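Contents: one structure, followed by commentary.
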Amino acid sequence: MPKLWNETIEAHRNSVRDATLDATAALVAEHGLMSVTMSRIAQETGIGRATLYKYFPDVESIFVAWHERQVAHHLEQLEAVRDRTTDPGRRLHAVLETYALISYERHERHGHHGTDMTALLHQGPTVTQAHERLLGLVRDLVAEGATGGALRADVAPDELAAYCLHALGAAAGLPSKAAVRRLVAVTLAGLGAEAHPVPAASGEAEDSLAHGHHRHGSH
């Protein structure tokens, strides 16, 4: 098969996939998860149902692909925040605060998924790999701080990274961004780290979230 034909097919496949996931994100943001059906997506995108079924066998597979895209985007946000400063303490604070705010804002938009949906969205090799990447990102920042003497060195960085992610998972149930930032400060205190209540850390988190929402829509 000619290369140009292959590229055309791939471009069409990507176009259908992107349009489907964009429509899913918009429907979830406006009407909630239960509003998403194959018929509704076909209607919103203008893609025929027969074509849609060629790429996604059911609505559950669309949810999984949508969630995987969200996760990948959030990791990109966190890595971008990490790279905005070289100071170890500020890097760790900014990444943890951005992570906590992402959890908080996702909960604000979508609330609690049903038990079956939660299980569906948090399974599969892609999500597992993303979690390992996230854990590695935080672990490396913790190790950097411990090496420089800013963080405790009596506990392995892997364990401290897991502690951070589990602790900040509670951000999803908090009532305000101020409460989220207090949680981040308490979590940092457990690392033997000083929270940095300066515009650089909070501003980076807010800017990253705003930029991400503008580019990818409401997730």
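The values are calculated or read from the model by the stated rules, or taken from the named source; none is laboratory data. For clarity, every value in this text was computed on a predicted model and none was experimentally measured. We place every Cβ from the backbone using ideal geometry, glycine too, and count neighbours over all the protein chains shown. Just so you know, the surface numbers come from the protein's heavy atoms only, side chains and all, with ligands and any DNA or RNA stripped out. Shrake-Rupley method; radii C 1.70, N 1.55, O 1.52, S 1.80 Å.
Things worth noting here:
- Just one residue in the set Leu21, Leu33, Leu27 is out of contact with any strand residue (DSSP E or B) (no Cβ under 6 Å at 6 or more places or on another chain), in contact (Cβ under 8 Å) with a residue 60 or more places away in the chain and under 25 Å from Ala172 (Cβ atoms); that residue is Leu33.
- Every residue from the stretch 1-36 that is at pLDDT 90 or above, open to solvent by 60 Å² or more (accessible area, probe 1.4 Å) and either in contact with a helix residue (DSSP H, G or I) (Cβ under 8 Å, 6 or more places away or on another chain) or charged (D, E, K, R) (or both): Arg17, Asp18, Asp22
- If you go through the stretch 75-98 and keep only what is open to solvent by less than 10 Å² (accessible area, probe 1.4 Å) and of a type in the set (Gly, Ala, Ser), you end up with just Ala94.
- Tallying residues that are open to solvent by 80 Å² or more (accessible area, probe 1.4 Å) and without any contact (Cβ under 8 Å) to a residue 60 or more places away in the chain within the stretch 51-64 yields 3.
- Extreme residue, farthest from Leu33 (Cα to Cα), among residues of the stretch 44-86 that are part of a helix (DSSP H, G or I) and basic (Lys, Arg): Arg82
- Contact map, the stretch 134-159: residues that are over 15 Å from Ala94 (Cα atoms) paired with residues that are among the small types (Gly, Ala, Ser) and assigned to a helix (DSSP H, G or I), Cβ distance under 6 Å, separation 6+ or inter-chain. Pairs shown: Leu135/Ala161; Ala150/Gly89; Leu151/Gly145; Ala153/Ala146; Pro157/Ala143.
- The number of residues in the stretch 76-99 being farther than 15 Å from His131 by Cα and of a type in the set (A, V, I, L, M, F, W, C) comes to 4.
- Set side by side, the residues Ala130, Ala146, Ala171, Ala161 differ, and just one is farther than 12 Å from Tyr99 by Cβ, open to solvent by less than 20 Å² (accessible area, probe 1.4 Å) and either at pLDDT 95 or above or part of a helix (DSSP H, G or I) (or both), which is Ala130.
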